[in-house]
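Have a look at the structure that comes next, please.
The values are calculated or read from the model by the stated rules, or taken from the named source; none is laboratory data. Nothing here was measured: the structure is a model prediction, and the numbers come from that model. Don't worry about glycine lacking a Cβ; one is built from the backbone with ideal geometry, like all the others, and counts go over all protein chains shown.
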Amino acid sequence: MMRARYAGELEAVRQNLIAMGETTSAVLAEALRAVADPSPGCADRAGELEARIDCQHRLIHDQCLSLITLQAPVARDARLVTGALDAIVDLELIGDYAYEMVGLASAKQFRPPSQILVRISEIGAKIGEILSAAIDSWRNADRGLALSARPREAAIRAECQALADKVSHLTSAPGNVTAYVNLLLICRHLERIMRHAVCVAEQAAEAAPPAPAG
């Protein structure tokens, strides 16, 4: 009975982490929509999602501390609990950056060149794929999928940097400098979100069972 309860508590941590990841993916998608075409209700929707992430963070944190204090998990169970504690920090930071992107997008005073918005959307979609893969890695205990995130990081970081350089040049041109500064911050936030998404994936890899030998 005690073992079944313990296993259920571990599974609850994993399921709640997956739910938090899905909420984080939703707020990132909202942020990308806000950059492409901000709507009046975008900030409210993003704010609700960000508040939900905070609640989910507290819930999982308390569940993990309870398991550590009362059950003293070892081996794979300990890796799951400590991985979850690390992952929720990264997910919360992704939510924070995404929510800030919504505010930066809403503050634009004019519509930036369409090619810049397209590039932000393209890069954001790639980062969203990494985040989704990280969450699926936790869902399916898929170590291989989790480890596939890191090799993509360098190329996407280079794309973020190239776009940031392009936007940075525009800040010296006549016109609304504030809007371009906001776009530059959005580029930086995307890079940070990617870094945290890769961390969530690697934490899933650590928590997953090792691949069978042979």
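Would you mind stating whether Gly95 is in contact with an Asp or Glu (Cβ under 7 Å, 6 or more places away or on another chain), surrounded by 16 or more Cβ atoms within 10 Å (Cβ to Cβ), of a type in the set (Gly, Ala, Ser) and in a helix (DSSP H, G or I)?
Judged against the criteria, Gly95 is a match.
Given the condition polar (S, T, N, Q) and either in contact (Cβ under 8 Å) with a residue 12 or more places away in the chain or touching a helix residue (DSSP H, G or I) at 6+ places or on another chain (Cβ under 7 Å) (or both), answer yes or no: does some residue in the stretch 50-63 qualify?
yes
Return the residues of the stretch 23-37 that are touching a residue at least 40 places away in the same chain (Cβ under 8 Å) and buried (at least 16 other Cβ atoms within 10 Å of the Cβ); say none if nothing qualifies.
Residues satisfying the conditions are Thr23, Thr24, Ser25, Val27, Leu28, Ala29, Glu30, Ala31, Leu32, Ala34, Val35.
Let me ask you something else. Here's a check for you: in the stretch 155-185, which residue that is under 24 Å from the mean Cα position of the chain (by Cα) and of a type in the set (S, T, N, Q) is modelled with the highest pLDDT?
Taking the candidates together, the pick is Gln161.
Leu59 versus (1) within 22 Å of Ala197 (Cα to Cα); (2) hydrophobic (A, V, I, L, M, F, W, C); (3) surrounded by 18 or more Cβ atoms within 10 Å (Cβ to Cβ): which is the lone unmet condition?
The failed condition is (3).
Then there is this: Checking Arg45 against (1) in contact (Cβ under 8 Å) with a residue 24 or more places away in the chain; (2) buried (at least 16 other Cβ atoms within 10 Å of the Cβ), which test does it fail?
With respect to (1) in contact (Cβ under 8 Å) with a residue 24 or more places away in the chain; (2) buried (at least 16 other Cβ atoms within 10 Å of the Cβ), Arg45 is out only on (1).
Could you list, in sequence order, the residues of the stretch 1-22 that are acidic (Asp, Glu) and in contact (Cβ under 8 Å) with a residue 12 or more places away in the chain?
Correct list: Glu9, Glu22.
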